[in-house]
Structure formats: C-alpha cells, structure tokens
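**Student:** Please read through the structure below; I'll follow up with questions.
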Amino acid sequence: MAPDNFTNIRDSIDDPVNDQGNSSRKMHRVSAEALMQNTREIVIEYQGSDYRLRITSNNKLILTK
C-alpha cells in the first residue's frame, strides 16, 4: 500500500494492446520521482521477497532481486 504522502499517481491509462487487438484494462502510472522520493535506491517487497530498484549513474532504472 502506498504511503499517505504518495501524491504523484497520475490518472489511469490504457494498457498496451493485448493478443486480441484491444485494450482490456486500465493501468496506473506513477512517476519514478514520486516512487524514489529523492533517493537513488529503494527496496520493494513483493510476495515475501525484496527487490531493489535503483537509478544508475547513467540515469537508467534497474530492478534486481
């Protein structure tokens, strides 16, 4: 669940076209800046495992387990 101060969630957008040629659901868009909150690395917990999301020196995002 997002923290109370998580403010930069944008409106839902259509997902990419699926195998049937149509969009089946809406996806939420979150800015990386809001997610990272002025840090270069965060830990995301998913199904009991920790994943690290970090911004590289080349300003790319990398997610590792």
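The values are calculated or read from the model by the stated rules, or taken from the named source; none is laboratory data. Given the structure is predicted, the values throughout are model-derived calculations rather than measurements. So basically every Cβ, Gly included, is an ideal-geometry build from the backbone, and we count neighbours across all protein chains shown.
**Student:** Among the listed residues 43, 30, which satisfies the condition of being out of contact with any helix residue (DSSP H, G or I) (no Cβ under 8 Å at 6 or more places or on another chain), surrounded by 10 or more Cβ atoms within 10 Å (Cβ to Cβ) and either on the phi < 0 side of the Ramachandran plot or at pLDDT 90 or above (or both)? Walk me through how you get there before you give the answer.
**Tutor:** Working: 43 fails: surrounded by 10 or more Cβ atoms within 10 Å (Cβ to Cβ).
Going through 43, 30 in turn, just one is out of contact with any helix residue (DSSP H, G or I) (no Cβ under 8 Å at 6 or more places or on another chain), surrounded by 10 or more Cβ atoms within 10 Å (Cβ to Cβ) and either on the phi < 0 side of the Ramachandran plot or at pLDDT 90 or above (or both): 30.
**Student:** Give me the pairs, please: first residue somewhere in region 43-65 and free of Cβ contacts under 8 Å to residues at least 24 places away in the same chain and of a type in the set (Gly, Ala, Ser), second residue anywhere and surrounded by fewer than 11 Cβ atoms within 10 Å (Cβ to Cβ) and assigned to a strand (DSSP E or B), beta-carbon distance under 6 Å, and either six or more positions apart or on two chains.
**Tutor:** If the second residue must be surrounded by fewer than 11 Cβ atoms within 10 Å (Cβ to Cβ) and assigned to a strand (DSSP E or B), no pairs are left.
**Student:** For region 37-53, which residues satisfy the criterion of being part of a loop (DSSP other than H, G, I, E, B) and closer than 10 Å to residue 64 by Cα? It would help to see each step written out before you state the result.
**Tutor:** Of region 37-53, the ones part of a loop (DSSP other than H, G, I, E, B) are 37-40, 47-48.
Result: no residue meets the conditions.
**Student:** Being modelled with pLDDT of 60 or more, surrounded by 11 or more Cβ atoms within 10 Å (Cβ to Cβ), hydroxyl-bearing (Ser, Thr, Tyr) and on the phi < 0 side of the Ramachandran plot is true for just one of 23, 12. Which residue is that?
**Tutor:** On the way: 12 fails: modelled with pLDDT of 60 or more.
Going through 23, 12 in turn, the sole match is 23.
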